[in-house]
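Structure, as structure tokens:
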Amino acid sequence: MSNSTLIPPTLPARPERPLKPRLVRWGLTAAVLIPFLWSALGIDISVERLLTAPADMWNRVIKLMFPLDFSPEAIERALPAIMESLWMAWIGTMIGAFFSFIISFAAATNVTSGWVANSVRQVLNAIRAVPEIILAMVLIPVAGLGPWTGTLALGIHSIGTLGKLSSEVIEGIDRGPVEAVAATGGTRLQQIRFGMVPQVMPTIVAYWLYRFEINIRASAVLGIIGAGGVGAELQNQLRFRDFPRAATILLLTILIVLLIDTVSARIRRRIISGHAEAGLIAMFTALQWWQRVLAAVGVAAAVAFTIFILYQYQQGL
């Protein structure tokens, strides 16, 4: 055997890593970190304040909230305010859903000409750019203090958000049904009614439900400026340093929002998927024995807590 056969073949040199992807990666990292550091310096964030924040929150706020105030007077004041926030969110969502559904077709480039769609989109962008609380402050001189001002603010802002989302859904439709309606002699309105609307309605309705969840949270903030909702009652309790009663309002608000979010999410999944999910009994029987015990205890506790709250509310009337 010759010596040449014992020498391994020379491996090709490893290619160098491309420079462009590395520059892009480092550029994106710098684009995120530099504004973050600049913002942190601008709002005076320090490591010491970050480390002491949990202890300050516990000593100055959370510890003062216990024990919670579940007196009849507290429940009687909290529940109507929470229900007012729910009514504001529901009516505001209905206002936004009605007008945005009409406007979204004008904002879709596959329905109207380019300059019309772009003009309508700019209007929707302008509406969406103004927060609900600013809209409420602008509307207070017109509609006065109270829930109607908050409802209008939620409705107007919902138009901007739902209009944009709905127009994007309309632009993503399948052109086949529309062309089929046109081939049978259908007018432009009939093409929209029978070719577009059936395709986009499930997703648009899901967006309406999602916007309702957002409006519930926003309505709680609007009360701080006198635009109705639970925010006004919460602000009053915090102003007078009644932290136990404020914690009760927060707890009831969170529980009701979680309940609505759970139901709304289930409805959204049903609408988008087109298939019914397993019922509560079927879900319960599919659990393991220890999960069933925990679920039964949780349901019993929730029912008992609801009965207690309703009883306290009746006593406070």
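Which helices, counted as full DSSP H runs in the chain, have an axial Cα extent of no less than 20 Å and a Kyte-Doolittle average of -0.5 or above?
Numbers: long enough: 19-42 (34 Å, 0.99); 72-107 (52 Å, 1.12); 114-129 (22 Å, 0.29); 147-171 (35 Å, 0.48); 197-222 (36 Å, 0.78); 243-273 (44 Å, 1.28); 289-316 (40 Å, 0.91).
For the chain, where a helix must reach 20 Å along its axis and average at least -0.5, the hits are 19-42, 72-107, 114-129, 147-171, 197-222, 243-273, 289-316.
Taking 2.2 N^0.38 Å as the expected size of a compact globular protein, what ratio does the Cα radius of gyration of segment 71-125 give against it, to two decimals? Before the final figure, lay out each step's value.
Numbers: Rg = 19.2 Å, N = 55, 2.2 N^0.38 = 10.1 Å.
Against the empirical 2.2 N^0.38 Å value, I get 1.90 for segment 71-125.
Suppose a student asked you for the relative contact order of the chain, using Cα pairs under 8 Å spaced at least 6 residues apart; what percent would you report?
Numbers: 319 pairs, mean separation 76.7, N = 317.
Relative contact order for the chain comes out at 24 percent.
Computed from the mean reciprocal separation of all distinct C-alpha pairs, what Kirkwood hydrodynamic radius does segment 278-317 have, in Å? Write out the running numbers ahead of the final one.
On the way: mean 1/r = 0.0857 Å⁻¹.
That comes to 11.7 Å for segment 278-317.
Which three lengths, in whole Å and largest first, does segment 67-188 cover when its Cα atoms are put on their principal axes?
68, 29, 25
As a test of the formula, what do you get for the chain when each DSSP H run with n ≥ 4 contributes -39,500 (n - 2.57) and the sum is divided by the residue count, at 222 nm and rounded to the nearest 500 deg cm²/dmol?
Working: 13 runs with 241 residues, N = 317.
When only DSSP H runs of four or more count, the value is -26000 deg cm²/dmol.
Could you please rank Ser71, Ser166, Ser158, placing first whichever residue has the fewest other Cβ atoms within 10 Å of its Cβ? Display every interim value, and only then the final one.
Values: Ser71 15, Ser166 25, Ser158 29.
The fewest-first ordering by Cβ neighbours comes to Ser71, Ser166, Ser158.
Which translational diffusion coefficient, to the nearest whole µm²/s, is obtained for the chain from the Stokes-Einstein equation, given a Kirkwood hydrodynamic radius over C-alpha pairs, 37 °C and 0.692 mPa s?
Numbers: Rh = 24.7 Å.
Rounded, D is 133 µm²/s.
Taking only the alpha-carbon positions of segment 180-302 and ignoring solvent, what does the Debye formula give for the base-10 log of I(q)/I(0) at q = 0.12 Å⁻¹?
-0.74
Could you run the Debye sum over the Cα atoms of segment 155-204, one equal point scatterer each and no solvent, and tell me log10 of I(q)/I(0) at q = 0.18, 0.25 Å⁻¹, two decimals?
Relative scattering, expressed as log10 I(q)/I(0), comes to -0.58, -0.87.
FYI, it's all coordinate maths here, none of it is from the lab. Nothing here was measured: the structure is a model prediction, and the numbers come from that model. Neighbour counts are summed over all protein chains in view; Cβ atoms, including those assigned to glycine, are modelled from backbone coordinates with ideal geometry.
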